[in-house]
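A short write-up of the structure that comes next.
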Amino acid sequence: MPQRVETSSPEGVDYGWVMQVTFVTTIVVGAPLVALASTTVDLPTWNARAEFAIRVGAVVWVFTALAVFAYAKRVQGR
């Protein structure tokens with residue numbers, strides 16, 4: 001008989017949920033944003049393109065994470 005999978009009932013914000021939603025939202029919304037932003041900048045080499053994607057993507061990731069956390073905190077407070 002396989003071992004039973006435990007469940008948890010976190011008090012406060014569920015950080016696992018926040019991380020998962022941040023990841024998915026950043027890919028769905030952030031990737032097109034970075035691609036759109038890259039059209040306004042001259043990126044002659046692959047290194048320049050990768051550096052641009054990392055820099056802009058990091059900013060998008062932080063803002064997305066803060067927004068998702070604020071949403072989770074607000075919903076949890078209800």
Computed over the range 1-41, the distribution of all Cα-Cα distances in 5 Å bins, rounded to whole %, is 5, 17, 14, 13, 13, 11, 9, 7, 5, 4, 1, 1
Counting every C-alpha pair in the range 15-76, the percent lying more than 13 Å apart is 63
Relative contact order of the chain (C-alpha contacts under 8 Å, at least 6 apart) in percent is 53
For Gln76, the net charge from surrounding residues (Cβ-Cβ under 11 Å; K, R +1; D, E -1) works out to +1
Longest principal axis of the chain (C-alpha) makes with the long axis of helix 46-76 (C-alpha) an angle, in degrees to the nearest 10, of 30
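Provide the packing ranking of 52-59, 71-78, i.e. peptides ordered by the mean count of other C-beta atoms within 10 Å per residue, highest first.
Numbers: 52-59: 13.9, 71-78: 10.6.
Result, highest mean first: 52-59, 71-78.
We did not get these values from a lab; they are worked out from the coordinates using the rules stated. Just so you know, these numbers come straight off a predicted model, no measurement behind them. As a convention, Cβ positions derive from the backbone with ideal geometry for all residues, glycine included, and neighbour counts pool all protein chains shown.
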